[in-house]
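Data block below; observations after.
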Amino acid sequence: MKLMECVPNFSEGRDQSIIDALANAIKSVNNVVLLDVDPGADTNRTVITMAGEPEAVLEAAFQAIKTASELIDMRNHQGEHPRMGATDVCPFIPISDMTMEECVEYARRLGKRVGDELGIPVYLYEYAATKEEWHNLSNIRAGEYEALPEKAKDPAWKPDFGPHTFNAKSGAIAIGAREFLIAYNINLNTRDKKKASELAAIIRESGRPAKDEKGRILKDEQGNKVIIPGLFQHCKAVGWYIESYKRAQISINLTNYKITPPHIVLEKVRELASERGIVVTGSELVGLIPKTAILNAGKFYLERMGESTGLPERMIMETAIQSMGLAELAPFDLDKKVIEYAIAKKNRLSAMSLESFADLLSTATPAPGGGSVAAYCAALSAALTAMVSNLTINKKGYESVQDKVHQLAPSAQEIKLQALQLTDEDTDAFNAMMEASRLPKKTEEEITLREKKLAEAMKQVIIVPLNTMEVAYQALELADEIARIGNTNALSDAGTAALTALTAVKSAYYNVQINLPQIEDKTFKEEIQNKALNLLKQSETLASQIGSFVSKKLTNA
């Protein structure tokens with residue numbers, strides 16, 4: 001399913017009625033999830049995050065921009081954050097099954113509509129930019145709102161869409177497409193904005209002017225300032241003082257967290273601050289963060305402490321929250337701050353309690369059924385392997401296998417997550433098939449469409465349990481490894497992991513077989529049959545070997 005994120009920034013952070021109106025404009029559009037509303041009184045700015053189907057996100061973005069143009073008057077706006085319009089920026093970000101090129105096209109479509117219908121000058125930025133110098137948002141926003149009257153007279157500042165005139169009430173807007181941006185603030189134990197600015201200048205990519213021993217800015221032979229490059233790529237940073245927090249902050253935008261992750265920046269700032277007698281008291285995330293970014297942070301700190309990274313992902317993320325001081329200024333709710341959690345369906349099987357899942361399974365409905373149970377068995381197998389691995393880590397007498405068990409634990413956690421996802425996918429696939437079967441079939445066109453949708457859905461009903469077989473076999477392989485090298489006090493758990501994985505493989509195989517006769521595509525049918533049968537045989541052979549090994553060890557114990 002295509003998912004796109006949009007993070008419009010509005011120049012209003014104090015009037016709750018306006019903030020509510022902006023949020024309601026977004027919520028009025030179907031198939032869009034309002035993920036976060038983050039107002040700041042001192043910055044007088046609200047960052048709103050939404051995600052959903054691309055067309056719906058496009059419509060929601062327009063409705064919010066329209067609402068902002070009606071309710072926000074830039075002639076009266078003051079705030080700490082740079083700004084040039086009622087809706088200052090509006091970027092589209094690919095989340096899943098989306099390309100950057102598609103996001104660029106949506107940015108252009110939104111820009112044209114805003115320019116045509118609302119009469120607001122629109123500048124395209126980042127990946128959507130039509131000029132190299134407009135790729136960087138700070139170049140477009142130079143001089144902020146106050147510079148717009150002069151820009152309206154300059155042909156070089158003709159906007160991409162909308163009139164080349166000064167819109168006194170709404171200002172101008174930058175619409176673009178970009179990678180996921182992490183808005184991240186580092187808290188200092190000082191009120192001195194200058195100290196925060198100095199640290200910001202050192203870390204940001206654009207760097208800072210070089211100075212001599214008397215503090216004078218150095219220039220080259222052409223009279224240009226000599227710039228000392230910043231420490232981090234894809235890092236924009238400024239220092240400011242936040243009255244409500246009674247402290248200075250380094251306000252950071254990380255435009256590519258895969259190259260420059262927040263925890264690495266934080267550790268460098270801690271080092272630089274300490275050299276200057278400043279203490280970093282914590283940090284603050286504005287908006288949402290991708291799960292990978294906070295997981296990597298948690299693993300970084302766990303590894304630094306010599307602890308296992310093969311833990312449940314929420315435990316890893318809690319380590320990141322504590323290590324980075326992310327809850328210093330306000331509670332840090334993973335379900336609201338991590339984008340994958342915020343978007344996730346709330347009624348998914350994998351989020352149920354054991355009792356609720358068993359109760360639902362026992363009712364007179366065909367789904368969830370054996371396929372979901374098979375996937376859940378694979379998850380339980382991987383969880384047991386992770387447990388035995390963690391019981392072996394740093395255990396006396398197992399020094400020679402430490403490298404291996406440190407690898408096995410996180411591998412098992414990953415298999416567990418894949419299997420849990422398949423628990424939901426199996427039921428979703430069955431429900432999609434039932435929906436396809438209920439499509440109308442009165443006309444030739446309806447019959448053709450129904451048959452096509454039904455064939456596609458039926459294939460998915462078979463592909464999902466085949467995927468479960470593959471994941472379960474991987475769980476079986478991990479169980480084999482940990483049974484042979486893991487803590488012998490947990491050998492029975494390793495054996496149970498193997499048996500549970502075999503159960504998952506066999507159960508998923510049954511689900512493949514029961515649906516194959518309904519497939520008319522002979523090539524597809526033969527390919528699936530061969531893969532499933534091979535996986536079954538391999539699993540039975542390996543499980544038998546593990547069983548013999550475990551039984552012999554337990555008998556001789």
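Summary table below
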item: So LYS459, is it farther than 30 Å from LYS404 by Cα and crowded, with 16+ Cβ neighbours inside 10 Å; result: yes
item: Close pairs (7 angstrom Cβ cut-off, 6 or more residues apart or separate chains): in the same structural domain as MET84 (by TED's automatic domain parsing) and under 14 Å from ASP116 (Cα atoms) in segment 165-185, of a type in the set (Gly, Ala, Ser) and surrounded by fewer than 20 Cβ atoms within 10 Å (Cβ to Cβ) anywhere; result: THR165/ALA152; ASN167/GLY119
item: Every pair of residues 6+ apart whose Cβ atoms lie under 9 Å, when the first sits in segment 1-19 and is touching a residue at least 60 places away in the same chain (Cβ under 8 Å) while the second is hydroxyl-bearing (Ser, Thr, Tyr) and surrounded by fewer than 15 Cβ atoms within 10 Å (Cβ to Cβ); result: MET1/SER96; LYS2/SER96; LEU3/SER96; MET4/SER96
item: Residue pairs meeting the criteria (Cβ under 8 Å; at least 6 apart or on separate chains; first assigned by TED's automatic domain parsing to the domain that holds PHE232, in segment 264-281; second of a type outside the set (S, T, N, Q) and assigned to a loop (DSSP other than H, G, I, E, B)); result: ILE264/PHE232; VAL265/PHE232; LYS268/LEU231; LYS268/PHE232; ALA273/VAL279; VAL280/GLY325; THR281/GLY325; THR281/GLU328
item: Count of segment 11-30 residues which are under 15 Å from ALA86 (Cα atoms) and touching an Asp or Glu at 6+ places or on another chain (Cβ under 7 Å); result: 3
item: Positions within segment 350-400 being of a type in the set (S, T, N, Q), buried (at least 20 other Cβ atoms within 10 Å of the Cβ) and out of contact with any Asp or Glu (no Cβ under 6 Å at 6 or more places or on another chain), in sequence order; result: SER381, THR385, SER389, ASN390, THR392
item: Scan of segment 59-117 for residues that are among the polar types (S, T, N, Q) and part of a loop (DSSP other than H, G, I, E, B), ordered by number; result: GLN78, THR99
item: Helices (runs of 4 or more DSSP H) contained entirely in segment 259-372, each with at least 2 residues that are modelled with pLDDT of 95 or more and farther than 30 Å from VAL512 by Cβ; result: 262-275, 291-304, 313-324
item: Options ALA419, ALA412, ALA479, ALA436; residue that is surrounded by 17 or more Cβ atoms within 10 Å (Cβ to Cβ), free of Cβ contacts under 8 Å to residues at least 60 places away in the same chain, in a helix (DSSP H, G or I) and assigned by TED's automatic domain parsing to the domain that holds GLN513; result: ALA436
item: So GLY397, is it among the small types (Gly, Ala, Ser), in the same structural domain as GLN513 (by TED's automatic domain parsing) and not in a helix (DSSP H, G or I); result: yes
item: Hey, MET387 farther than 28 Å from ILE95 by Cα, hydrophobic (A, V, I, L, M, F, W, C) and not assigned by TED's automatic domain parsing to the domain that holds LEU311 or not; result: yes
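The values are calculated or read from the model by the stated rules, or taken from the named source; none is laboratory data. Keep in mind that this is a model prediction, so the values were computed, not measured. Virtual Cβ from ideal backbone geometry, glycine too; neighbours counted across all protein chains shown.
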